[in-house]
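This report concerns only the one structure given below.
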Amino acid sequence: MKKIRLPALLCLFALALCACAPSALDPALITLVPPEEKRLVVCTSHKEEVYGPIVKEFQARTGIWVEVITGGTNELLEQIAAREEAPECDVMFGGGVESLAAYAGYFEPYTCSGAEFLKPGLRPEGDPWTPFSALPVVLIYNTKLVDEAELTGWEDLLDSRWKGRIAFADPAVSGSGYTAAITMLSCLPGETWELVRAFAENLDGALGDSGDVVSAVSGGSKSIGVTLEETALKGIAQGEDIGVVYPAEGTSAVPDGSALILGAPHPDNARAFLEFVQSTDVQALVVSDFARRSVRQDVADREELPTEEEMGIFDYPVDWASALKEEFLTRWADYTGEGAP
Amino acid sequence: MRGPGLRESFQKKLLGSFLAVGLLPLVVCAGLILGIFQSVLFRNARDSAQTQLDSLAGRFDGLMSSCGGILEELGREELVIRAMRGEHRSGTQVYNTLYSAASAYLRDADFSLYNAGGELLYATSNTVPRSLSVNWGVLFAAGERPGETVYQGSEGCMRLARAVPGGEGAVGFVTAELREEHFRRLFQGSYGAGSDVLVLDPYWDQVYASPTLQDDTLAPRLRGRLLEGGSFAEVGTQNTYHVFRNAASGFAVILRQPKPLADWVMQLFYLVAGLSILLCAGVSIRAAMSFSRQLFEPIRTLNSAMAAVEEGDLDVRVEVTGTDEISQLSGRFNRMTQRLRENLAWSIRQQQELGDAQIRMMQAQLNPHFLYNTLDTLKWLGKINGSQEISTISADLADILRRSISAEEFVELREELAVLERYVEIQTIRFPGKFEFEIRADEGLLDALVPKLMLQPLVENAIIHGFEDGSHGRISVEVVPRGETMCLTVRDNGCGMSPESMERFLRREGPQAGGGHLGLYNVDAILRLHYGADSGLRFMPRGGDRGTCIQITLPVIRREGGEDT
């Protein structure tokens, strides 16, 4: 009796379980699932306000469904390196050229159709990536606390007048902080480590996050700061009490870029995306909506902003910067007291 | 010990039966009821969702096609084209055209006219953007596909646009815009309270969500599931999702309906069912335990009592409490141990008696030595005193005595015949000249084993009874082989046995009081004991001669190691 009833019981249980068991996608919806050739996976370290409109327009124009994976530049690049055998992502969208250069081996070179329109110096040799926008480093000051004439250039950062009043993102933490430090070192005369020591002493404490520079200056806890032009202009647009000073000694405009990942599952769609992000339509958006500088010669920057010649833009020494990084960080820790036992 | 094992298996069986009887029906019923309940509820919910979705879809489809029609109509209006070219300056006429074309749908969407540069010219609402980029978004798409209505969603609004052709490229664009309030009005009343509606663009970015839907991450999660091709059930277990896709625009309308039974309700049901089952199991176990204890306790008592008996304790008694089978068993056990006890007592007594006899026998064994010595002394006294007969009788008697008290039951025929000769020697001295004695024995049989002192009583019988009348007689003993047996014959020519004695003997009634023929009876009994009931004495007819002839047939058995034939 038991032997007959037990299987019957199990069947009943199975039926009961089936009633609430999760099923696969409704068959009616399967037709909505885009096929593989209509898909693209984009890794991006940009903020949503940057990648959102671009991805949306790309989808509308090409009919390709874009999956976006967001994260920090280094985090994403490490993931890409870790999944070298079977990449998930097609495109790395965003990330400074320093970072991209370090991972160039994981990218498939691609020359966009508009490559000849790129501004000189921004196009990398061999086209492992495509530049997306240029980001000049600028100085900012609190318009209530500081007179515009008081701040002229990099040299002021070593002036003891500003000791403890400079907002600067810690190069040990922030990529843009390191870029700013290298830019400063490139512009000032003198022995490198002496400059670093003098700056570290004058700084008297760096900020943990590059995003805090504008708020620290506009809030008045710091008087002057070093940040990217994009960040400063956005702050001004939001009504922060800051002013921008382009350093008299000149500055760098390190571009960020996009790259096709080697072995990408959807390479054709990825190339279409690379073409799209450096097209004039997107580059116009970079200028108009993102307060960045276009990488194309045929897309004009905002009229009210100084041109690159006026800013004294020089080529950022990528190789030197990466060679120096390790020693710099060690010494920086020493000078700022963090490395002291 | 067998106790715990017995108890365990017994209890297990009981427990199994109780559980089966107690749980199976409950589990089956609970499963069936829950299953049916759930499936009916879910089917109803699905049907209701489908009805709601159909209503939503109907409204959305209707509005889309109406708006498309209005845009197409506006795009053909000469006045509109001229206004876009900047040729027509009278705003009211254009507005009239715009409003009359859109009259039925003024509250359902905002309609606008943009020039080729994307600048707003005319609109039915003040909230539409002053300008739209023609290199980006919906106007770009419309410009790329002249003669078609294009649909795009952006930042909480859905835009329909159509390029108005004129000469080279577009002279302008007609657009319709649906914002949150339009969607709310469109879907009002077509879905149930508790349900929510989402409108997603063709790439599943959210355009509209009903006000009660507070979850901004829902649309991205649904999109993720769609791209993975997985079930929406995993997006949120509290709800079911029903999707409708508008073919013209590619926009999707998603109805989110709460499950008819919230998960916690189902969990509560399962919990209650589980608890009932547990309770039932508990009761079953409790009942099985107590029942088995009730049933098993007497068995255990009996078992341990038996173990005590096994160990040798016969005084153990089991208390009999009732009249059931176990009690009957206990009673029988008690009686059995009593019998055992009695048996034991009896055998102890027997043993004691046997011991006593042995002691007596050992005491008796002292006497023969004394007798031997005395007889030996007599023998020598006879010799010294020149009385040869005393000497002979003493020696013979000592020899007979020695042989008769030896422990062996069987002796070789040779010895038996020697004893016989000794005896006859004594009797010859007692009754000189009264009889003659003769032994004829086959040489090959001398080592065959025969019962000890078997022939002597027969010869004694012949001497004492055969020659009562004082006649001179003759006694012969003959041993001959006969096949595998041997035949011993004792023959005399005395007066023979009286017919009464013979009859008595043959009926085996035992000797007469007074002891007549006691020796014959004994020999007969010994033979029967040793060789079977048919192996007694046989009286052979003597024909015309007087006297007795007794025959014994025995198997030829030799000592161990000898040939056994």
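The values are calculated or read from the model by the stated rules, or taken from the named source; none is laboratory data. From a predicted model like this one, the values you see are computed outputs, not experimental measurements. Ideal geometry is used to build each Cβ from the backbone, glycine not excepted, and the neighbour counts take in all protein chains shown.
Numbers for the structure displayed
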{"item": "Evaluation of B:ALA163 against (1) away from chain A (no Cβ under 14 Å); (2) in contact with a Ser or Thr (Cβ under 9 Å, 6 or more places away or on another chain); (3) at pLDDT 85 or above (one fails), failing number", "result": "(2)"}
{"item": "Single residue of B:LEU32, B:LEU63 found to be at pLDDT 90 or above, in a helix (DSSP H, G or I) and either within 14 Å of another protein chain (Cβ to nearest Cβ) or at positive phi (or both)", "result": "B:LEU32"}
{"item": "Only listed residue being hydroxyl-bearing (Ser, Thr, Tyr) and not assigned by TED's automatic domain parsing to the domain that holds A:ALA323, chosen from A:THR152, A:THR143, A:THR70", "result": "A:THR70"}
{"item": "Top-ranked residue in the stretch B:103-120 [being in contact (Cβ under 8 Å) with a residue 40 or more places away in the chain and over 26 Å from A:ARG61 (Cα atoms); ranked as nearest to the chain's Cα centre (by Cα)]", "result": "B:ASP108"}
{"item": "Where B:ASP108 falls short, out of the listed (1) in a helix (DSSP H, G or I); (2) within 30 Å of B:PRO258 (Cβ to Cβ); (3) assigned by TED's automatic domain parsing to the domain that holds B:PRO146; (4) among the charged types (D, E, K, R)", "result": "(1)"}
{"item": "Residue ranges of strands (runs of 3 or more DSSP E) in the stretch A:61-144 with at least 3 members touching a Pro at 6+ places or on another chain (Cβ under 8 Å)", "result": "A:130-142"}
{"item": "Residue within the stretch B:311-320 that is of a type in the set (A, V, I, L, M), surrounded by 10 or more Cβ atoms within 10 Å (Cβ to Cβ) and in a helix (DSSP H, G or I) present", "result": "no"}
{"item": "Residue within the stretch A:164-185 that is free of Cβ contacts under 8 Å to residues at least 12 places away in the same chain and more than 21 Å from A:GLU327 (Cα to Cα) present", "result": "no"}
{"item": "Criterion violated by B:GLU443 - all others in (1) out of contact with any strand residue (DSSP E or B) (no Cβ under 6 Å at 6 or more places or on another chain); (2) surrounded by 19 or more Cβ atoms within 10 Å (Cβ to Cβ) satisfied", "result": "(2)"}
{"item": "Residue identified as surrounded by fewer than 19 Cβ atoms within 10 Å (Cβ to Cβ), over 29 Å from B:LEU255 (Cα atoms) and of a type in the set (D, E, K, R) among B:ARG107, B:ARG85", "result": "B:ARG85"}
{"item": "Helices (runs of 4 or more DSSP H) enclosed by the stretch A:244-341 - at least 3 residues per element that are at pLDDT below 90 and under 19 Å from A:ALA115 (Cβ atoms)", "result": "none"}
{"item": "Test set (1) crowded, with 22+ Cβ neighbours inside 10 Å; (2) under 23 Å from the mean Cα position of the chain (by Cα) - A:GLY208 fails condition number", "result": "(1)"}
{"item": "Pick from the stretch B:390-429, criterion surrounded by fewer than 17 Cβ atoms within 10 Å (Cβ to Cβ) and modelled with pLDDT under 85, ranking: nearest to B:LYS452 (Cα to Cα)", "result": "B:GLU409"}
{"item": "Residues being under 16 Å from B:ASP196 (Cβ atoms) and facing chain A (nearest Cβ under 9 Å) - total across the stretch B:207-232", "result": "1"}
{"item": "Residue selected from the stretch B:166-206 under the condition within 14 Å of chain A (Cβ to nearest Cβ) and over 20 Å from B:SER55 (Cβ atoms), by the criterion nearest to the chain's Cα centre (by Cα)", "result": "B:TRP204"}
{"item": "Pairs where the first residue, in the stretch A:29-57, is more than 26 Å from B:ILE254 (Cα to Cα) and the second is basic (Lys, Arg), C-beta under 9 Å, 6+ apart", "result": "A:VAL50/A:ARG292"}
{"item": "Close pairs from the stretch A:125-136: first touching a residue at least 60 places away in the same chain (Cβ under 8 Å) and over 19 Å from A:THR179 (Cα atoms), partner of a type in the set (A, V, I, L, M, F, W, C) and assigned to a loop (DSSP other than H, G, I, E, B), Cβ under 6 Å, at least 6 apart", "result": "A:THR130/A:CYS112"}
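Every residue, every condition in (1) under 25 Å from A:THR280 (Cα atoms); (2) more than 16 Å from the chain's Cα centre (by Cα); (3) more than 14 Å from every other protein chain (Cβ to nearest Cβ), yes or no:
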| residue | (1), (2), (3) |
| --- | --- |
| A:VAL33 | no, yes, no |
| A:GLU49 | yes, no, no |
| A:GLU67 | yes, yes, no |
| A:GLU84 | no, yes, yes |
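Residues checked against (1) in the same structural domain as A:VAL196 (by TED's automatic domain parsing); (2) surrounded by 20 or more Cβ atoms within 10 Å (Cβ to Cβ):
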site: A:ALA291; (1), (2): no, yes
site: A:ASP298; (1), (2): no, no
site: A:LYS325; (1), (2): yes, no
site: A:THR330; (1), (2): yes, no
